[in-house]
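Just below is one structure, and these are the notes that go with it.
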Amino acid sequence: MRILHLSNYYPPFYEGSTEIQCQQMVDALARRGHHQQRVLTSDFTGADSNPSSRDIFRHIQMAERNQSQNDVFRELHLHHPSPDSHTFWKLYRQERDNVEVLERHIDRFQPQLIVVWGFQGLSGSLLFNIDKSGIPCAYAVLNPWLTLWLKKEPWLDMWYHDSLANESVFKNLISGMHLHESIRKKAPFGDPHHLSLQHSFFCSKSLREVTGREGLAVQTAEVIPCGVPVEKFYRKRNYPDHLRHLLYLGRLNKDKDPLTAIKALEILHRRGHREFTLDLHGRGDASYERQLHDFIRNSILRGAVSFKVTNEEQQHVTLYSYDMLLSTSKWKEPFPLMQLKAMAAGLPVISTLEGGHAELIRDGENALAFKTGDAQDLAEKILELSSRPEVARMLTTTAYEEVREKYEIDRVATEVEAFLNRTLQPAA
């Protein structure tokens, strides 16, 4: 099968786990030896992202050893985040140029199937151009890009929402000059709600439901979870008599709610359990980070909380180094990928049940769950897990076996491959 993958970002330059998951799936399909694949992505270089140049250089070295990079083409342009750049003719030129890039790759590669991954920042006209091409298209929805893109994609927004006051004047002028169809031919557009999502899969039922509430026809979409390369994780097998070294790993923002983890630690310290420490690995909103630092400075936790940074390639080592993972997210996350990684590493997990979390976390069976935003409840669960190592062993054994049987990356790739094959089958 000749597959053209379309993604806004692709490692070694990426913004989140979706792009990592995309690359892992491309690599897993490549290992099967009977697919020809090409990745078309943006020219994003990471210059404005968080990783240091040293991290980026190391990622590039790793990527250069990966043969799949030979078929990665970084030629698409992302929309500039500033609304001032969204004038009609600037947008049109970018949409037209991106469509020409896509058409050139279709002409040269002759894909039998196009798979669309993360799309935020890319040109909406690309999807309508794919529709026009007649080539079967599958959508892999691992984060809320589909609904967020619908609300913010400037080219489609210009035609369907009149978000810019002067754009209706331009559109009337274009219609009067009979340029409407000429523009549509070079930079297609249409009502995004009319895109065919017949062949799509979501990483969780929760994300599919959220997307459906935005008016998109995803009722028949399949659910295929994310996967992890289990063999790359060091598995913890021995646990101390008291689990006390706590880990938070994720973005530092209000939705992820690391403040609740800090407050739970303060409750434990006020109750005399000064042996507990918490390391927060991540970056986020600068003002929110200041709020976290201010809270710690005004508490009794000085010396008990540390801020660190871990990149994707270090996570298997980081997870192994701690006694338990605290996942405090308040928002309906598409899929609990960090919890899944912790389970692959044999690390006990305490988590909320928001969004896709509830599709993995089973309280008292493979993890412990606590009430969202409730620092007191989280503190109690930390104490329960810390004082009963036999519970930690039971939870992690169940979780590890489940990850290995259901979420190992090659097993998930088998599901994705079967889905892609079904996409190519003619409708009954």
Completion exercise
Ranked by GNM mean-square fluctuation in the chain (Cα springs under 10 Å), the top entry among 381, 236, 132 is 132
Fill in the blank from the handout: Comparing 382, 300, 409 in a Gaussian network model of the chain (Cα, 10 Å), the one with the largest mean-square fluctuation is 300
Exercise for the section: Work out the length of the dipole vector of the chain about its Cα centre, built from +1 on the beta-carbon of each Lys and Arg and -1 on the beta-carbon of each Asp and Glu, and round it to the nearest 20 debye. Expected result: 460 debye
Completion exercise
Given (i) 77, 49, 42; (ii) 79, 52, 39; (iii) 66, 49, 44 as possible values of Cα extents along the principal axes in Å, the one from the coordinates is (i)
Fill in the blank from the handout: Measuring from the longest principal axis of the C-alpha atoms of the chain, the long axis of helix 88-109 (C-alpha) lies at a number of degrees, nearest 10, equal to 90 degrees
Problem - For 137, 203, order by how many other beta-carbon atoms lie within 10 Å, fewest first - result: 137, 203
Exercise for the section: Quickly work out the residue 287-to-residue 223 label distance, labels modelled 7 Å from Cα along the C-beta direction, and quote it in nm with one decimal. Expected result: 3.6 nm
Exercise for the section: Return the distance in nm (one decimal) between the two label points of a simple spin-label model at residue 314 and residue 97, each offset 7 Å from Cα along Cα→Cβ. Expected result: 3.6 nm
Handout entry: Nonlocal amide H pairs with residue 284, under 5 Å, H built at 1.01 Å
Key = 252
Fill in the blank from the handout: Out of 349, 116, 309, a Gaussian network model of the chain with alpha-carbon springs under 10 Å gives the largest mean-square fluctuation to 309
Problem - Amide H contacts of residue 349 (H built 1.01 Å from N, under 5 Å, at least 5 apart or other chain) - result: 325, 368
Practice task
Taking amide H positions as placed in the peptide plane 1.01 Å from N, state which residues far from residue 200 in sequence (5 or more) or on other chains have amide H under 5 Å from it.
Solution key: 139, 222
Problem - Tilt relative to the chain, helix 375-387 - C-alpha long axis, 0 to 90 degrees, to 10 - result: 60 degrees
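Between residue 411 and residue 307, what FRET efficiency follows from the Cβ-Cβ distance if R0 is 51 Å, with the result rounded to 0.05?
Working from the Cβ atoms, E equals 0.90.
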Handout entry: Neighbour-count ranking [beta-carbon atoms within 10 angstrom, fewest first] of 149, 155
Key = 149, 155
Exercise for the section: Going by C-beta contacts inside 10 Å, put 273, 357 in order with the fewest on the left. Expected result: 273, 357
Exercise for the section: Could you tell me how many degrees, from 0 to 90 and to the nearest 10, lie between the Cα long axis of helix 258-270 and the main elongation axis, the longest principal axis, of the Cα atoms of the chain? Expected result: 10 degrees
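Only the coordinates and a few stated rules stand behind these numbers; no lab work does. The model shown is predicted, which means the values in this text are computed figures rather than measured ones. Reconstructed Cβ throughout: ideal geometry from the backbone, glycine too, with neighbour counts over all protein chains shown.
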